[in-house]
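Colleague: What follows is a structure written as structure tokens; I'll ask about it next.
The values are calculated or read from the model by the stated rules, or taken from the named source; none is laboratory data. Remember, predicted model here, so these are calculated numbers, not experimental data. FYI the Cβ positions are ideal-geometry reconstructions off the backbone, even for glycines, and counts take in every protein chain you see. Remember, those area values only see protein heavy atoms, side chains included, never the ligands or the DNA or RNA. Shrake-Rupley method; radii C 1.70, N 1.55, O 1.52, S 1.80 Å.
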Amino acid sequence: MTVSRTILASFALLLATAAFAQPKDDVLLEMRDAFRQGNKARLAQLLPAARGHALEPWAAYWELRARLDTATPAEVQDFFNRYAGTYQEDRLRNDWLQLLGQRRDWTTFAQEHPRYRMNDDREVRCYALLVQYLREGPQSPPTLAEEVRKLWLSLREAEDGCTHAASRVIGDRHFPHRLTVGDAWRKARQAMEANRPRAAAGALEIINPDALPLLAEVNANPSKFLAAKGLAGSRLRREMVGLALIKLATSDPEAAASQLEHRWGGQLGPEERDWVWGVIGKQAALRLQPEAAGYFARVGRDSHLSDDLLAWKVRAALRGGRTPGWQAILEAVNAMSEEGRQDPAWVYWKARALLATPAAESQKAEAQRLLQSIASPRGFYEQLALEELGQKVTVPPRPAPLTEAEKEAARLNPGLNRAIYAILIGLRPDGVREWNYTTNLHRPGGMGDRELLAAAQFACDREVWDRCINTSDRTRGEFDAEQRFPTPFRDAVVRRAREIGLDPAYVYGLIRQESRFIMDARSHVGASGLMQVMPATARWTAKRIGLNGFTIDQLNDRDTNIAIGTGYLKLVLDDFTGSMPLAAAAYNAGPGRPRNWRNGPPMEAAAWAETIPFNETRDYVKKVLANTTVYAAMLTGQPQSLKARLGTVGPRDTAAPEPNRDIP
């Protein structure tokens, strides 16, 4: 991105708190690098030069955060006072509260926690619940233990705050919904399946620390552990066998199923047995094995399973044959937690199941109610719900124009200004964090719809497209399509797409998901530019489309990136005979994987997309196709159908040309 010095200068004037000249941005960039390197001496050396800079709060935060473990309480309080009301103040308070919790300094924690504004850190929340429990004991709110339970079970890693809170609250009979030994075993099962041995050990240490050597044996070689055990009489033995079967299922679900059916099933308790069958079913579904639905059918009570396992039961049922297993889908969704049932994916598939099974009028009415509850242009399942109700996807009317006062409030907001300034000088991750804090967390509930629209427009006007899109996406009652689905570089994108026979809406839908129109975006795997092209893919595609003299450093050039990205997209789209969902999956995960994923019974592409084994690709395909449908409505001015773009997915037609296996 070419930084406008005029824009930066205006931000500096708005943010300046000193009467002297603005220090150079290079000082901030160097301090950011020193912070990443943990170079405390360099940070201390550079901090005086950053005084008076518009982003001074960041400089001061980096310097103090790097040595927070040795900082005095007075230094911390001085920082809080000096930068009161800023993101950096509350960010350091979050870090300080974590440190106080680790030190078990509950008195200081209790004094500082009421000033904490973000309230989005689960570990800090667990520490706060523990402090309340230690102070109030039996007089603690009746929901306290249940909140600790939910937080603890939701964390994948072994974080100190929730583990310590769970260890203190577990078994307390004063709570109507108390944390139990069974919850600790549930945590261990979840951790074992997710290959989080430290989290599993943390759960076991709470309820039976003497069993940790057995857990080490399970992790080292579950098959050997199972072979050495004869009976699972005690609960400890049963649970350890269950953990071993779960560990085995993650690498060999068929072997785990055989062991469970022929040897261990009768010795395990109902919940342990059901959980293991659920894990085996999930692992088979991840491998797209047709046996997955059958494994889930062995579960006695779906309520014994987590929402994640129930979601995979739905996916296995969607792919279970020529017709989805609608009854299994209904059972799985009904067994989910209230939060799980509210996910638009499961709202939609429950409604479809209700309509597909022999039903009374009341069941059909419930399906209609469910569809109406999510129907809108906002997302994949929301658009599908619209079509189930007989409507197509159209662009909603624009909200009322922003008033001058609304625009001025955004323009003068210090947090938004600091965030944009940081992004424009190359501190994008830091700027994004401050922006999100300002819009979402600075006050309880975050900004209202009109404030979000004004903040989004503030970013749009400065061509910071990711903040423009993501901020507008958060509005609940308003829908500004031009903010949510902007069309930067329209001439270049539309011209190139039409030259090679691509739908411009499809290209825009993909770019919006890939990079949010950030031209210098770079992914964690090395993809670059607007269309996030990998270097090897770029070289191969450049040769195929005749782009002579191409070098990798050209990937951040707008027109070159568009030419290579659209060229590759066209090649994979043709290779998959025009299937947009298959081509989108290929763009994200490489063409080899969707060639395998398409095998099996022909199915509607919405169901196929939901059963993609990779979380990232599953989400990607759904978002690209939903984006495409809205862009098509915007570019053509006509109602659009997501279902028409999805079509069906099944094995390659034997009459079709052989796939091009040279495509990377």
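Colleague: Filter the stretch 568-578 for residues that are closer than 11 Å to Arg652 by Cα and either open to solvent by 10 Å² or more (accessible area, probe 1.4 Å) or hydroxyl-bearing (Ser, Thr, Tyr) (or both) and give the result.
Modeller: Asp575, Thr577, listed by residue number.
Colleague: Follow-up. Of the conditions (1) assigned to a helix (DSSP H, G or I); (2) open to solvent by 40 Å² or more (accessible area, probe 1.4 Å); (3) among the charged types (D, E, K, R), Arg173 satisfies every one except a single condition; which number is it?
Modeller: All conditions are met except number (1).
Colleague: Same structure, new question: Suppose we filter the stretch 582-619 for residues that are closer than 23 Å to Lys282 by Cα and open to solvent by less than 10 Å² (accessible area, probe 1.4 Å); how many remain?
Modeller: Within the stretch 582-619, residues that are closer than 23 Å to Lys282 by Cα and open to solvent by less than 10 Å² (accessible area, probe 1.4 Å) number 12.
Colleague: Also: What single numbered condition from (1) over 19 Å from Leu47 (Cα atoms); (2) open to solvent by less than 20 Å² (accessible area, probe 1.4 Å); (3) within 28 Å of the chain's Cα centre (by Cα) fails to hold for Leu99?
Modeller: For Leu99, the exception is condition (2).
Colleague: Please pick out the residue among Leu416, Leu452 that is buried (at least 23 other Cβ atoms within 10 Å of the Cβ), touching a Lys or Arg at 6+ places or on another chain (Cβ under 7 Å) and under 20 Å from Phe517 (Cβ atoms).
Modeller: The unique qualifying residue is Leu452.
Colleague: On to the next question. Since Ala184 meets every condition but one in (1) closer than 29 Å to Arg93 by Cα; (2) among the aliphatic types (A, V, I, L, M); (3) open to solvent by less than 30 Å² (accessible area, probe 1.4 Å); (4) more than 24 Å from the chain's Cα centre (by Cα), which condition does it not meet?
Modeller: Tallying (1) closer than 29 Å to Arg93 by Cα; (2) among the aliphatic types (A, V, I, L, M); (3) open to solvent by less than 30 Å² (accessible area, probe 1.4 Å); (4) more than 24 Å from the chain's Cα centre (by Cα), Ala184 fails exactly one: (1).
Colleague: Of the conditions (1) under 23 Å from the mean Cα position of the chain (by Cα); (2) not in a loop (DSSP other than H, G, I, E, B), Asp491 satisfies every one except a single condition; which number is it?
Modeller: So the condition that Asp491 fails would be (1).
Colleague: Can you pull out every residue in the stretch 484-510 that is under 16 Å from Gly379 (Cα atoms) and among the hydrophobic types (A, V, I, L, M, F, W, C)?
Modeller: Hits for the stretch 484-510 are Phe485, Ala505, Leu510.
Colleague: Restricting attention to the stretch 471-483, which residues are part of a helix (DSSP H, G or I), crowded, with 20+ Cβ neighbours inside 10 Å and out of contact with any Asp or Glu (no Cβ under 6 Å at 6 or more places or on another chain)?
Modeller: Thr471, Gln483
Colleague: Let me ask something else. Can you say whether Asp553 is at pLDDT below 95, assigned to a helix (DSSP H, G or I), out of contact with any His (no Cβ under 7 Å at 6 or more places or on another chain) and acidic (Asp, Glu), as far as the supplied structure shows?
Modeller: Yes.
Colleague: I've got another one for you. Quick check on this structure: which one of Thr560, Thr611 is over 24 Å from Gln383 (Cα atoms) and either at pLDDT 95 or above or of a type outside the set (D, E, K, R) (or both)?
Modeller: Thr560
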